[in-house]
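Reading through the structure tokens given below for one structure.
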Amino acid sequence: MQLYQLIYKSTATRPFSEHELSQLLKCCQYNNAQVNVTGVLLYDGTHFLQVLEGRFSVLNKLIGKIESDQRHASIVTLIKEPIVKREYVNWSMELIKKKGFALTKIEHTFEEMHERINGQRQQLEIETRSMLIANAFRDGDWSGSDGLTESVIPFEGGRYLHQRLAPTFEVEQKFAFQPIIDVMQREVIWVEALIRGPDGESPMSIFDGLDDSSLHKLDAQSKLDALKAFRQFDTDSGLSLNLLPGTLLEYPDVVEELAQLADEFKIERSNIIIELTEQEAIENLEHISKIANEIKAHGFLLAIDDFGSGYAGLSILVELQPHIIKIDRGIVHGASQSGPREAIIDSIIYCAKRLGISIIAEGVETKEDLNWLFAAGIKRFQGFLLAKPAFMALPSIQGPKKW
Ligand code: C2E
Ligand code: MN
Ligand code: MN
């Protein structure tokens with residue numbers, strides 16, 4: 001039967017005294033011994049970190065119970081993986097603490113604990129993963145961005161009225177529009193134009209039938225239509241446009257044309273974002289960095305779309321120096337419950353901050369993720385939770401008045 005190790009962290013819903021913790025532990029020890037689960041529990045005054053080892057199905061059942069335990073909240077799985085042997089061999093759960101020290105801080109190293117558990121140091125030439133994670137926990141690296149209580153987000157929905165374009169307004173290419181919201185400014189800061197077929201068909205269905213050169217032509221020409229449609233709305237928001245790098249290579253003039261049209265419409269160029277997808281951009285990095293400079297030289301903002309979805313990742317920040325990155329919804333979705341997502345997002349934020357890049361989280365679908373992302377330091381969001389794209393219209397912001 002395959003053994004698994006599961007590591008999660010959680011936030012204590014209240015402080016625990018030493019006495020309470022030892023009671024808690026006794027209970028864990030008994031229950032875990034019954035189902036042959038071993039492990040260790042760490043508490044730093046505000047958070048728990050628990051390592052559990054046992055059979056997969058048993059651990060799953062156990063985590064279900066743990067999730068409904070009122071004593072802690074914001075449970076985030078850091079690791080769940082098969083292991084060859086137990087690390088906490090004879091432990092049916094132990095609480096790690098420094099002897100005689102009030103349980104407010106874990107002061108010792110996890111290596112020392114390991115040594116105590118297994119008795120000899122020579123077995124421990126390479127740190128195990130649980131040791132590394134426990135050390136990061138001890139150093140406070142996992143306590144930066146807890147789930148927030150609902151009321152902390154200072155944004156109230158429902159302020160923006162749905163605006164449909166007049167039926168008489170004609171452009172060749174149709175678009176849907178989706179707001180990007182800044183929760184601190186309480187504003188729709190930009191609106192993204194998403195290409196649509198005549199009856200609202202998806203971009204995929206439009207692009208699929210086209211060869212590269214017609215695709216690029218459509219992509220370039222349609223952006224002027226997006227700008228024309230956007231201009232009809234009564235809004236102070238900026239506009240965000242998607243362009244394929246291939247389009248910019250084949251039709252480099254599109255940047256200049258957009259700039260002229262924006263000037264004619266008296267829309268500030270600095271209120272217009274040009275989004276390039278990470279995946280596409282990297283395939284042609286040298287050319288694309290020239291184009292990136294073109295975009296900047298015209299006064300537009302440059303964004304990397306779907307950041308984190310491709311393989312380029314951080315090198316794109318070196319090469320393109322975008323103003324904005326839009327974190328891919330593959331990473332954003334479920335951020336509040338996943339240790340790997342949490343760690344990746346934290347490091348993107350850290351890196352972006354140092355480089356003066358602002359962040360948009362896209363694909364936000366749940367309140368939990370929104371709260372978590374906000375607590376982590378992200379202020380700008382796009383997603384179904386806030387507003388779904390509306391066909392030839394500017395949608396109002398959804399969601400409860402109070403978050
Ligand atoms: P994108 O630029 O990343 O646009 C966001 C996509 O995610 C949109 O799909 C939007 O409807 C969807 N979305 C937004 N919030 C959520 C959410 O909370 N959950 C989920 N599951 N999805 C969400 P859409 O409109 O189907 O567009 C797909 C892609 O097509 C776009 O992804 C973009 O890469 C491309 N695209 C759209 N318009 C254009 C265009 O004019 N030119 C080019 N080159 N590409 C375009
Ligand atoms: Mn986009
Ligand atoms: Mn995207």
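Tabulated results
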read-out	value
Selection from region 176-189 of residues that are at pLDDT 95 or above and surrounded by fewer than 24 Cβ atoms within 10 Å (Cβ to Cβ)	A176, Q178
Region 263-275: number of residues that are away from ligand 2 (no atom under 16 Å from the Cβ) and touching a strand residue (DSSP E or B) at 6+ places or on another chain (Cβ under 6 Å)	1
Subset of region 329-338 [more than 16 Å from ligand 3 (Cβ to nearest atom) and either at pLDDT 90 or above or among the hydroxyl-bearing types (S, T, Y) (or both)]	G334, S336, S338
From the options G330, G356, residue that is surrounded by fewer than 19 Cβ atoms within 10 Å (Cβ to Cβ) and within 12 Å of ligand 1 (Cβ to nearest atom)	G330
Pairs with Cβ under 8 Å, 6+ apart, first in region 308-328 and away from ligand 3 (no atom under 12 Å from the Cβ), second β-branched (V, I, T) and in a helix (DSSP H, G or I)	Y311/I282; A312/I282; S315/I282; I316/I282; E319/I288; L320/I288; P322/I316
Test: residue in region 353-376 that is assigned to a loop (DSSP other than H, G, I, E, B), in contact (Cβ under 8 Å) with a residue 40 or more places away in the chain and either within 30 Å of D234 (Cα to Cα) or away from ligand 2 (no atom under 16 Å from the Cβ) (or both)	yes
Residue list for region 67-100, filter: at pLDDT 75 or above and polar (S, T, N, Q)	S68, Q70, S74, T77
Unique match (being farther than 29 Å from I133 by Cα, modelled with pLDDT under 90 and not basic (K, R)) among H298, H287, H323	H287
Residue, farthest from ligand 1 (Cβ to nearest atom), within region 387-401, restricted to residues that are at pLDDT below 90 and not β-branched (V, I, T)	K401
Residue satisfying condition, being free of Cβ contacts under 8 Å to residues at least 60 places away in the same chain and among the polar types (S, T, N, Q), within set S22, S68	S68
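A quick yes/no check of all residues on (1) aromatic (F, W, Y); (2) modelled with pLDDT of 95 or more; (3) outside any loop (DSSP other than H, G, I, E, B); (4) over 20 Å from Q173 (Cα atoms):
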site: A229; (1), (2), (3), (4): no, yes, yes, no
site: T235; (1), (2), (3), (4): no, no, no, yes
site: S240; (1), (2), (3), (4): no, yes, yes, no
site: G246; (1), (2), (3), (4): no, no, yes, no
site: L249; (1), (2), (3), (4): no, no, yes, yes
site: V254; (1), (2), (3), (4): no, yes, yes, no
site: E257; (1), (2), (3), (4): no, yes, yes, no
site: Q260; (1), (2), (3), (4): no, yes, yes, no
site: D263; (1), (2), (3), (4): no, yes, yes, yes
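The values are calculated or read from the model by the stated rules, or taken from the named source; none is laboratory data. Quantities reported herein were computed from a predicted structural model and do not represent experimental measurements. All Cβ positions, even for glycine, are placed from backbone atoms using ideal geometry, and neighbour counts span all protein chains on display.
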